[in-house]
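Quick notes on the structure that follows.
Taken together, the values in this text are just the output of simple stated rules run on the coordinates, not laboratory data. This structure is a prediction, so every number in the text was calculated from the model and none was measured. Here Cβ is always computed from backbone atoms with ideal geometry, including for glycine, and neighbour counts include all displayed protein chains.
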Amino acid sequence: MQSIQSKRVAVVILNWNGKSFLEKFLPGVVRHSNGMADVVVADNASSDSSIEFLEQNFPEVRLIRIPENKGFTGGYNFALKQIEADYFVLLNSDVEVTEGWIEPIIQLMDSDARIAACQPKIRSYDRKDEFEYAGASGGFIDKYGYPFCRGRIFQYLEKDLGQYNSNLQVFWVTGAAMFIRSSVFHELNGLDDNFFAHMEEIDLCWRIQKAGYKVYVCPASVIYHIGGGTLPKNNPRKTYFNFRNNLLMIYKNSTKEGLRRLLLMRTFLDVVAAFRFLVGTGTGDFTAVFRAHRDFHRIRKLYHGVPQAKNLVPNSEITTIYRKSIIWSYYIRGKKIFSDLDFRQLNEKTSP
């Protein structure tokens, strides 16, 4: 396998009070990135002993100190302005990488200058034969903006039997392990600071495609992700950010035609989801959905009159959007496996 010129790649781990994850996973990141990438830890104003641990044990790892906790979006935007590399890798601190995880993705991206972002295949750290929730083998959205993955639809996780091992053009790649061209990241003004955390990578991938670039998954690269390292899956704060930011993402990237009807349908579907939360997990997630809608209507005013994306490619020409309802497919038609979806616009021959 052809070697990659050193320092073309920067692996950047955003840390916030994650000393235990750094102890567990940073040695593997350094070992499997040595000679191929610089490793950087951007510390989001941690109050634990993360910085002391890094200074004592990993002097070779560059440390960027962020003066306050700016969240996922602000933290990365702050750090990546200070790093020079052809490719950035946004890597969560709770990720176990494997030998040779960088080379296949860089070779794929080098083969096509229009591939702006890519992710590895992501398996669960705790159940290593299953796909992991946050990305699996590449992400998509349906016509109402709900995200799902090749290998994960809502809470249903498929076992990885090699069924999704092809390189494929996808709609979004996970922020847990996002490879992105630095030139495109800066061209599109990075992540949206209004999001703080969650859904920001999907918003960025949407803008990438509207600007005429492509997003890919490269399953020859494999990582293992714990998930929920900062916030567990069942957490009202996470529910709040997911619902609020999903609405912001739709509002920013959709055309005016049909947007009002789309938001009305989303309001109805999200109210249904809220009552499902009330029955299943209690009042915390239930109220989080309504707070998300309230704050969405407040924050969306910030985007009035401000161009949010280069509209070189209309949404109607983005073939990685599922033009049906994933809720209907999953809950009514019982299609819990990605390969069972009627997703004809996807072409498995899109591999370069």
Could you tell me which GluC sites (Glu not before Pro) in segment 173-267 are loop residues by DSSP with no more than 13 other beta carbons within 10 angstrom of their beta carbon? GLU257
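In the neighborhood of ASP160, defined by Cβ-to-Cβ distances under 11 Å, what is the net charge if each Lys or Arg adds +1 and each Asp or Glu adds -1?
After counting each charged neighbour, the total is +3.
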Compute the acute angle (0 to 90°) between the alpha-carbon long axis of helix 19-33 and the principal axis of greatest extent of the alpha-carbon atoms of the chain; round to the nearest 10°. 70 degrees
Size of charge dipole - the chain - debye, nearest 20, with Cβ of Lys, Arg +1 and Asp, Glu -1, no other charges: 1600 debye
222 nm [θ] for the chain, helices only, -39500 (n - 2.57) per DSSP H run of 4+, per residue, to 500? -10500 deg cm²/dmol
With charges set only on the Cβ (+1 for Lys and Arg, -1 for Asp and Glu), what does the dipole of segment 128-200 come to about its Cα centre, in debye to the nearest 20? 200 debye
Provide the gained length on full extension for the span LEU161 to HIS186, in nm with one decimal, where the gain is 0.36 nm per separating residue minus the Cα-Cα distance. 5.3 nm
DSSP beta bridges in the chain, what fraction antiparallel, as a percent rounded to 5? 45 percent
Please compute the net charge surrounding TYR303, taking Lys and Arg as +1 and Asp and Glu as -1 over other residues with Cβ under 13 Å from its Cβ. +3
Residue separation times 0.36 nm, minus the C-alpha to C-alpha distance between GLU130 and THR319: what's the value? 65.3 nm
Ranked from highest to lowest mean number of other Cβ atoms within 10 Å per residue, what is the order of the peptides 333-343, 167-177? 167-177, 333-343
Which trypsin sites (Lys or Arg not before Pro) in segment 61-111 pass both tests, a DSSP loop state and at most 15 other beta-carbon atoms within 10 Å? LYS81
